[in-house]
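Enquirer: Right, I'll just put the structure down here and ask away after.
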Amino acid sequence: MWGLDFSQLDWNEISVASLDTLKMLAASSVFTFILGLPLGVLLYQTSRSSNAWVRTVYSVLSVIVNILRSVPFIILIVALIPFTIAIVGVSYGVLGTIPPLVIGAAPFFARLVETSLREVDRGVLEAAQSMGASTWQIILKVLLPEARPGLLAGATITVVTLVSYTAMSGMVGGGGLGDLAIRYGYYRYQKEVMIISVLFMIILVQLLQMAGDRLVKHFTRK
Amino acid sequence: MIELKQVTKKYGKGLQTTEALSRLDLTVQKGEIFGVIGHSGAGKSTLIRCMNLLERPTSGEVWVDGVDLTKLNKQQLQNQRRKIGMIFQHFNLLSSASVYDNIAFPLRLAHVDKTQIAAKVNELLQLVGLEAHRDKYPAQLSGGQKQRVGIARALASDPQVLLCDEATSALDPQTTDSILKLLLDINRKFHLTIVLITHEMQVIQSICDRVAVIHQGGIVEEGAVTEVFLKPQHPVTREFILGQAGESAQLALQAPHDGSSRLCKLTFLGEKTYDSILSRTARETGVDFAILQGTISKIKDIPYGQLIIRLEGDAGQMEKTIQKVKAEGLDVEVLD
C-alpha cells in the first residue's frame, strides 16, 4: 500500500520508545504540576494585592514566565543543558529531557492556573472572608476547589503540550517516539517508523484529552 | 451592638476620589432588626461591608459587640468575623460543595470537630427547611433555597449579628416573603441582631424595627419604622414611601375641592386602626367626609391606616372635628 512495508518494523524498538515517551510524560507532568500550581497561585495572589511591593513581585514573575513561554522549546532544551547536567547529571536520554520539559511547561501551566483562578466568583471569596477565613484557607478550601474543573482542563492541555515537547526533544537526543521518528523516519527515510510513531502519539493525545474531559465533566457542578 | 463612628470611605486617589461614605454615625441596638434603605450608589453596600471590614473605612471606628474592628490585627479580625454572619444578594455559595458542606464550611474553618459539625448542620438544615436537599449542589437549587443555605451557613458559627446585603433583591415576591419571615423567626428565636440593606420599602415595612435612610453617603433620616414610614421628613424618604402608594395619593389631591371643604390626611396606628373614631366624631360635629384615598396595612406587627379625606360643612365644625380626632390620638395633617 503506497509503497509502504510495515512487516520490517522493529516492534521491540517501538515499544521501548513508547515506554520512554510515557516515562518522560509522566515524570515531567508530575513536576510541572508541582511547580506550576504554586506558581499560578502566586501569580494570582500577587496580581490582586493592594500593596505596591507585592504587585512589583507580580510584574517580575510575570515577565519571567513570559520569557520562558516565548523561547522556542527546542532552543530552551539547548540553553538549559548546563542546568540539566547540574540537576540530573546527563543532558540526553529520558532523564536528560525531563528538566527542560518541566521548565518549558511549568510557566505555561502556571498561566492556565492563574486564568482559571480568576474565573472563581469573587463573591464566594468575599463570603469566605466574611466568615473569618485566613488567606491559606481561602486558597486551599475555596479557590482551588472552586476552580477545579478549570484546573483539570488546564492540566489536560499541559499534558498534551508535553506530548509534543517530548517529540521535539527527540531532535536533541531525548528518547522516545519523537526520537525514533526522527532517527529512522527522517534521517533514514523509513517512512513506516515515522508513521507508526506519529500514529501512537495521536492515539496518546486522544486518550489523554478524553480522560481530561471526563474528569472535568465529573467535577463540574454548574 | 454595632456602632459606626464618623466612618468615611473614599475610593480612588487624588482628583478622582469619590466619597462613598462621609462621616457617618450609626448605632444598631442589640436584638433589633435594623434596615438601611437607599438608592443604588447611595453607599448602602459600602456601609454594610464596613460593618465586618470587608471594606476598610478610610477613617472612623467600627464597634461590634464592644470591639473596635479597625484596631484589630489580621488574626483578631478573623476571629471577630466569626461572630458576624453575612448573607448576600447573589448567595455566594461554594458551587463545588454540597448544601451540607456549604453549611459546614464556617465550622471547618474554625476546626470544629466532625460530630459537632454534623449535629450543628443537621439542626440548621431543619431550621431552614432543607433536610431533603442536604446532598444537592447549589446549581440544583432555586434562588430561595440558595438563600436558605446562605442563612444556615451564616448562622453556623452562632453569630451575634447577621448582615444582609440585599438578601432578597434577586428573589421573586413570594420567595422574598418567605425569606423575610425566616429572618424574623431567627431574630425572635435567637435574639440575633440583624442589619439589612435594601432598596425596597416593603422589606423594611415587613420586618424592621428601625430604619435609616442613606443618601449620598450620609444618613438623612433615622428612627422607628412606624415613625419614619408614616411621617417621612426627608424628600428621599418620601420618594421611597410614595413609590408604593404615591400615585393614588396624587390622584386624591386632584379631587374637586374648594374653600368650603378641607383636605386632611389621617394616620391611625396600632389598635386605633380598628376604631370607628372618624365616623363617631363626624356624627357628633355634624360634618360630612369623603374618603379620597386609603391604606390599611401593617408595619411589622403593628396595624396602621392612612386616609386622605375631604371634610365638608361649617368651617368651625370642621376645625372642631380635626381637634377632636387629634384628641382621640390620630395624627392629622391638613393638606390645603
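Enquirer: With the cut-off at 28 Å, tell me which of the pairs A:K141/B:K44; B:K44/B:K146; B:K136/B:K181; B:K44/B:K136 have Cα atoms farther apart than that.
Expert: A:K141/B:K44; B:K44/B:K136
Enquirer: Please work out the FRET efficiency for the pair A:E119 and B:E271, using the Cβ-Cβ distance as r and a Förster radius of 60 Å; give the result to the nearest 0.05.
Expert: My answer for the efficiency is 0.60.
Enquirer: Sticking with this structure for a sec: With each label point set 7 Å from Cα along the Cα-Cβ vector, what nm distance links A:T135 and A:V60?
Expert: For A:T135 paired with A:V60, the spin-label model returns 1.6 nm.
Enquirer: How much net charge surrounds B:D314 when only other residues with a Cβ under 12 Å from its Cβ are counted (Lys, Arg +1; Asp, Glu -1)?
Expert: Counting the neighbours of B:D314, the net charge comes to -1.
Enquirer: Along region A:181-186, what does the Karplus equation 6.51 cos²θ - 1.76 cosθ + 1.60 (θ = phi - 60°) give for ³J(HN,Hα), rounded to whole Hz, x for Gly and Pro?
Expert: 4, 6, 4, 8, x, 8
Enquirer: A further question follows. Under 16 Å between alpha carbons, and skipping anything fewer than 8 positions from B:K265 in its own chain: which lysines qualify?
Expert: Answer for B:K265, where 16 Å is the Cα cut-off: B:K231, B:K320, B:K324, B:K326, listed by chain and number.
Enquirer: Quick one: grab the alpha carbon gyration tensor of chain B, order the square roots of its eigenvalues as a ≥ b ≥ c, and give me rounded if a/c is under 1.5, else prolate or oblate depending on whether a/b is larger than b/c.
Expert: Prolate is the answer for chain B, as a/c is 1.5 or above and a/b outweighs b/c.
Enquirer: Turning to a different aspect of this structure: Where the convex hull is taken over the Cα atoms of the protein assembly as shown, what is its projected area averaged over directions, in nm²?
Expert: The orientation-averaged projected area of the Cα hull of the protein assembly as shown comes to 38.0 nm².
Enquirer: What's the total accessible area buried between chains B and A, using a 1.4 Å probe, rounded to the nearest 100 Å²?
Expert: 2000 Å²
Enquirer: So how tilted is helix B:143-155 from the main axis of chain B? Cα-based, degrees 0 to 90, rounded to 10.
Expert: 70 degrees
Enquirer: Here is a follow-up. Using the Cα centre as the reference, give the magnitude of the dipole from point charges on the C-beta atoms of chain B (Lys, Arg: +1; Asp, Glu: -1; all else neutral), rounded to the nearest 20 debye.
Expert: 1320 debye
Enquirer: Using alpha-carbon pairs under 8 Å, 6+ residues apart, how would you state the relative contact order of region B:2-238 in percent?
Expert: Over region B:2-238, the number comes to 29 percent.
Enquirer: Counting heavy atoms of the protein chains only and a 1.4 Å probe, report the per residue accessible area for the protein assembly as shown as a whole number of Å².
Expert: 48 Å²
Enquirer: Now for a separate question. Across all directions of projection, what mean area in square nanometres is found for the Cα convex hull of region A:1-139?
Expert: With every direction weighted equally, the projected area is 13.3 nm².
Enquirer: Dividing the alpha-carbon radius of gyration of region A:121-222 by 2.2 N^0.38 Å (N being the number of residues), what value is obtained?
Expert: 1.62
Enquirer: In debye, nearest 20, what is the charge dipole magnitude of chain A about its Cα centre with +1 on Lys and Arg Cβ and -1 on Asp and Glu Cβ, if you could check?
Expert: 660 debye
Enquirer: Now for a different question. Sorting A:M194, A:M131, A:M210, A:M24 by accessible area (1.4 Å probe), largest first, what list results?
Expert: A:M210, A:M194, A:M131, A:M24
Enquirer: Oh, and also: Just want the answer: with Cβ charges of +1 for Lys and Arg and -1 for Asp and Glu, which residue in B:L196, A:M171, B:M86 is farthest toward the dipole's positive end in the protein assembly as shown?
Expert: A:M171
Enquirer: With a length cut of 30 Å (Cα positions projected on each helix's long axis) and a Kyte-Doolittle mean of at least 1.0, go through chain A and give me the DSSP H helices that pass.
Expert: Membrane-span-like by this rule: A:93-118, A:148-169, A:191-219.
Enquirer: Oh, and also: What's the center-to-center distance, using Cα atoms, between region B:279-336 and region B:37-95 in Å?
Expert: The distance from the Cα centre of region B:279-336 to that of region B:37-95 comes to 45 Å.
Enquirer: How much of the DSSP beta bridge set in region B:2-238 is antiparallel, as a percent to the nearest 5?
Expert: Within region B:2-238, antiparallel bridges account for around 50 percent of the total.
Enquirer: Here's a follow-up. What does the charge count around B:L196 come to, taking other residues whose C-beta lies under 9 Å from its C-beta (Lys +1, Arg +1, Asp -1, Glu -1)?
Expert: Here the charged neighbours net out to -2.
Enquirer: Right, here's the next one. Let's test the formula: R0 of 51 Å, r as the Cβ-Cβ distance of A:L9 and B:Y11. What FRET efficiency results, to the nearest 0.05?
Expert: Calculated value: 0.15.
Enquirer: Which of the residues in region A:136-160 lose at least 10 Å² of accessible area when you go from the chain alone to all protein chains together (probe 1.4 Å)?
Expert: Buried-area filter returns A:Q137, A:K141, A:V142, A:P145, A:E146, A:R148.
Enquirer: Follow-up question, since we're still on this one. Compute the Cα gyration tensor for region B:223-334, then decide on rounded, prolate or oblate, letting a ≥ b ≥ c be the square roots of its eigenvalues: rounded whenever a/c is under 1.5, prolate when a/b is larger than b/c in the other cases, and oblate in all that remain.
Expert: oblate
Enquirer: For helix B:235-253, what angle does its Cα long axis make with the longest principal axis of chain B, in degrees from 0 to 90 and rounded to 10?
Expert: 40 degrees
Enquirer: Now for a separate question. Report the local net charge at B:Q80: Lys and Arg +1, Asp and Glu -1, summed over other residues whose C-beta lies under 12 Å from its C-beta.
Expert: So the surrounding residues net to +3.
Enquirer: Over chain A, what is the relative contact order in whole percent, taking alpha-carbon pairs under 8 Å and six or more residues apart?
Expert: Dividing the mean separation by the residue count of chain A yields 27 percent.
Enquirer: Further question: With θ set to phi - 60° and the Karplus curve 6.51 cos²θ - 1.76 cosθ + 1.60, what are the ³J(HN,Hα) couplings of region B:55-70 in order, to the nearest whole Hz, using x for Gly and Pro?
Expert: The phi angles translate into 10, 8, x, 5, 8, x, 10, 10, 9, 10, 6, x, 10, 7, 4, 5 Hz.
Enquirer: With each pseudo-label sitting 7 Å past Cα toward Cβ, what's the B:E123-B:Q29 distance in nm, one decimal?
Expert: Label-label distance for B:E123 and B:Q29, simple model: 2.8 nm.
Enquirer: Where both residues lie in the protein assembly as shown, what percent of DSSP beta bridges are antiparallel, nearest 5?
Expert: Counting DSSP beta bridges with both partners in the protein assembly as shown, the antiparallel share is about 70 percent.
The values are calculated or read from the model by the stated rules, or taken from the named source; none is laboratory data. Predicted model only: the values in this text are computed from it and were never measured. Cβ coordinates were reconstructed from backbone atoms using ideal geometry, including for glycine residues, and neighbour counts include every protein chain displayed. Please note that ligands, DNA and RNA were not included when accessible areas were found on the heavy atoms of the full protein model with its side chains. Shrake-Rupley method; radii C 1.70, N 1.55, O 1.52, S 1.80 Å.
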